[in-house]
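The structure appears right after this line, and notes come after that.
The values are calculated or read from the model by the stated rules, or taken from the named source; none is laboratory data. Because the structure is predicted, anything quoted here is derived from the model rather than measured. Neighbour counts are summed over all protein chains in view; Cβ atoms, including those assigned to glycine, are modelled from backbone coordinates with ideal geometry. Side chains included, ligands, DNA and RNA excluded: accessible areas come from the protein's heavy atoms. Shrake-Rupley method; radii C 1.70, N 1.55, O 1.52, S 1.80 Å.
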Amino acid sequence: MKKKSVLAIEPVKPKIQEKDMLTVQEATIKDEKHLIIDLFENGEVAYRIALAADDYAHYSYGTGIWDAKTGWNNPYNTAISMAHISPAHERLLKRWTKKQKRYADGDIADEIFRYEYDISGRRDMAKQKKEQEEMEKLLAEIPDDIPQAFRSRIMNNIDVCNVIAYKRHGSCADYRCLQCGGQSSRNLRVRDPLTGISELQNVPRDGEAYICPVCKKAGRLRPIGYMNQCTAYGQEFDSVLYQTSGEKLVIRIFRTIVTRSVTDSISIDTYERGRIILTRKGDRQYIQTYSGSWIKAKSVAICGLAVEYGREKAVADSAFRYCPENMYRLLNCDSSKNKNMAVIQALVTYANCPQTEALYKVGLKGICRRLMYVQGRTRKIDRSATEAAKILKLSKEDFRYLVEKAEKGHDECMTLKMIRYAVSRDISRRHYDRLQAIYETARGDEKECDMLLGYQSIDKLYNAVSRYKEEYRGKFREALREYADYLHERQAAGDDMTNEIYLRPRRLHETYTRLRIENEHKKDEMYVERMKSIYPKIPEACMKISKRYTWQQGGLMIRPAADAGEIVMEGRILHHCVGSEYQSYMKNYNNNKGYILFVRRVEAPDVPYVTVEIAGDRIRQWYGIHDTQPDREEIEGFLEGFVKHLNPKKVKASA
């Protein structure tokens with residue numbers, strides 16, 4: 001459908017004014033007739049539906065977005081149903097949709113959406129027919145024969161799991177091989193020809209290896225009593241066979257089910273359950289149903305492939321001979337089964353996205369790994385390009401920057417997203433290093449970056465946070481995260497964000513703490529009051545322990561929490577769980593089973609710093625902002641002195 005041409009048609013304005021109105025008109029676009037239906041809300045056009053003989057589309061004037069949602073999925077379904085339509089426009093709509101009468105419920109939206117359902121149904125049938133013809137053609141080209149060497153490998157894998165049941169009768173033992181069904185007996189008592197002394201030798205034990213004298217195959221011994229209880233000793237595994245069909249690479253997945261029991265002979269059932277056909281245009285994957293027919297699938301399960309056969313020759317003879325040989329290692333396969341799975345993943349990725357070869361050769365392995373996760377199905381690369389820079393839709397300068405960062409160990413995918421973000425916001429390349437630090441701290445959240453850069457330039461933001469990082473043990477990312485939280489709090493408070501005093505406070509953590517407390521008090525007064533009512537004994541407990549648990553030394557002080565409200569705010573400010581109603585800290589404090597103490601700097605006694613949980617004179621745990629342990633050496637020394645203060649004779653301190 002020519003969407004620009006559809007939008008270029010002027011809507012027919014209703015002659016009468018109702019809250020919701022529908023107008024209908026016929027139009028010819030590129031020698032094809034269309035029916036244009038416009039929904040007016042309060043006199044303004046809000047939604048357009050365009051119908052053609054074999055196509056339809058919807059456009060929302062409010063959002064500027066096209067959609068194809070029909071029926072109850074359409075956000076304007078109710079409005080269309082309730083809208084007023086003139087008799088002339090209604091007749092035109094009926095003539096177009098070939099309906100002789102209205103539906104019983106009088107819902108005109110049904111006529112529109114049923115017409116669209118008919119189009120969708122015809123589309124789906126045509127698509128299914130095309131896929132069926134393609135599948136039949138592809139499957140007809142695949143040889144049905146299975147190489148004998150492949151069958152032998154499957155049997156070898158079955159032999160590895162052979163089980164031999166045994167039963168001992170005094171100095172004799174009976175054996176039954178569950179692989180061949182052969183039975184044998186053995187005298188365990190052996191007489192020494194020199195001394196004439198007899199003794200038991202080669203006594204069977206559960207789990208030991210034993211070779212069947214009938215079929216000469218090794219197996220693990222299992223007591224026959226155990227085997228009688230477990231009537232079947234099963235084995236199930238998948239195998240993969242690589243073949244070629246012209247330039248196509250065919251990957252056939254087989255499932256083998258083995259059943260062993262003491263009473264019956266071994267049962268082996270091997271059947272083909274999936275095929276992956278790789279062509280230059282991409283992959284086609286099919287699975288076989290229980291009835292034996294084949295159907296198209298989005299993906300064939302390839303986990304736990306125990307046997308592989310024919311890969312090297314088949315890949316070399318197909319169009320996939322240039323797929324990077326070791327690219328599968330990017331998936332960190334730690335066993336042969338995972339390796340077989342990773343190899344298929346790499347080949348499917350290469351079929352859907354041959355550009356991975358160029359990206360892999362220049363060292364962008366992180367991007368290749370991400371492509372393998374989605375099997376090369378992505379719209380974020382140029383499939384017609386051959387150069388690595390153009391493949392990623394980057395300029396040569398931006399691509400060079402990406403490679404340099406990858407060589408230094410930076411996350412390639414995050415760097416690529418940052419570059420695309422910078423290009424979309426017209427940010428100069430000289431700011432990339434500083435922008436990357438900001439972008440990575442925001443974890444690639446573009447809305448967060450827009451908020452941070454909405455009030456100041458990159459340089460001003462970076463320089464301000466660099467000054468603040470001294471408050472956060474020299475860590476830039478922690479300072480930036482708290483600065484972003486600070487700006488959110490300013491926005492929530494409705495402050496003027498152009499005010500330099502608000503934008504760049506002198507002491508970030510202290511100002512943020514005070515502001516957060518104010519906002520949280522406004523927002524959560526009901527929650528705080530509820531916690532106080534649930535745990536009313538905390539103030540009383542605080543008064544009892546205040547003298548013992550209040551102490552200061554070397555610029556630090558510690559005191560008990562006064563009530564549940566203080567504990568809630570402590571958790572909110574420091575971003576940890578001490579104030580959560582789903583934890584037991586406040587409950588224990590209320591029941592005198594454990595207490596919550598606050599460590600503060602003497603010069604800032606109202607600024608949350610470290611929270612301590614204590615029971616008696618034993619410190620259970622202590623944490624600061626974001627569940628970290630800031631200034632660990634200083635805090636541990638302070639708490640050790642605090643424990644000595646509590647009980648000089650018995651020192652038990654744990655961090």
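Here are some notes:
- With θ taken as phi - 60° and the Karplus curve 6.51 cos²θ - 1.76 cosθ + 1.60 applied, the whole-hertz 3J(HN,Hα) list for the stretch 200-205 is 7, 9, 6, 5, x, 9 Hz, x standing for glycine and proline.
- Over the stretch 1-139, volume per residue of the alpha carbon convex hull, in Å³: 142 Å³
- Rolled with a 1.4 Å probe across the full set of protein chains, the surface gives residue 169 an accessible area near 90 Å².
- For the stretch 237-321, the pair-distance distribution built from all alpha carbon pairs, in bins 10 Å wide starting at 0, is 17, 42, 28, 10, 3, 0 percent.
- Gyration tensor (alpha-carbon) shape descriptor, the stretch 451-491, a/c threshold 1.5: oblate
- Using a Förster distance of 22 Å, the FRET efficiency for residue 63-residue 9 (Cβ separation, nearest 0.05): 0.70
- Partner lysines for residue 217 [C-alpha distance under 22 Å; skip if fewer than 8 residues away on the same chain]: 167
- Projecting label points 7 angstrom from Cα along Cα→Cβ for residue 615 and residue 537 puts them 1.6 nm apart.
- Accessible area, probe 1.4 Å, largest first, for residues 586, 451: 451, 586
- Two-decimal log10 I(q)/I(0) for the stretch 475-542, as the Debye equation yields it once each C-alpha is a single scatterer, q = 0.20, 0.25 Å⁻¹: -0.83, -1.05
- Relative frequency of Cα-Cα separations exceeding 26 Å in the stretch 522-655, percent: 16 percent
- Viscosity 1.567 mPa s, 4 °C: Kirkwood-radius Stokes-Einstein D of the stretch 355-425 over Cα pairs, µm²/s: 107 µm²/s
- Within the stretch 515-618: Cβ-based charge dipole about Cα centre, in debye rounded to nearest 20 (Lys, Arg +1; Asp, Glu -1): 320 debye
- Pairs from 4/129; 248/380; 365/393; 33/380 whose Cα-Cα separation, in the structure shown, is over 24 Å: 4/129; 248/380; 33/380
- Applying the criteria of a DSSP loop state and at most 12 other Cβ atoms within 10 Å to the chymotrypsin sites (Phe, Trp or Tyr not before Pro) of the stretch 205-295 yields 290.
- Local electrostatic count, residue 545, Cβ distance below 15 Å [Lys/Arg +1, Asp/Glu -1]: +2
- Dipole magnitude (debye, nearest 20) for the chain, charges at Cβ of Lys, Arg, Asp, Glu: 1460 debye
- Amide H contacts under 5 Å for residue 273: 253, 254, 255, restricted to partners 5 or more places along the chain or on a different chain, H placed in the peptide plane at 1.01 Å from N.
- Given charges at Cβ of Lys, Arg, Asp, Glu: the chain dipole, positive-most of 582, 209, 608: 209
- Rolling a 1.4 angstrom probe over the protein heavy atoms with all chains in place gives the chain an accessible area of 54 Å² per residue.
- Partner aspartates and glutamates for residue 532 [C-alpha distance under 13 Å; skip if fewer than 8 residues away on the same chain]: 524, 540, 563, 566, 581
- Centroid-to-centroid, using Cα positions, the stretch 32-68 and the stretch 498-523 are 48 Å apart.
- Under 5 Å, built H, 5+ apart or other chain: amide partners of residue 208: 221
- Of all aspartates and glutamates in the structure, those lying under 12 Å Cα to Cα from residue 523, and not within fewer than 8 positions of it along the same chain, are 489.
- Residues whose amide H lies under 5 Å from that of residue 179, counting only those 5 or more places away or on a different chain, are 163; hydrogens are built 1.01 Å from N in the peptide plane.
- Kirkwood hydrodynamic radius over Cα pairs of the stretch 144-193, then Stokes diffusion coefficient at 4 °C and 1.567 mPa s, in µm²/s: 95 µm²/s
- Values of log10 I(q)/I(0) for the chain across q = 0.06 Å⁻¹ run -0.71, by the Debye formula with one identical scatterer at each alpha carbon and no solvent.
- In a DSSP loop and with at most 16 other Cβ atoms within 10 Å, the GluC sites (Glu not before Pro) in the stretch 513-593 are 581.
- The stretch 122-161: radius of gyration over Cα atoms, expressed as a fraction of 2.2 N^0.38 Å: 2.04
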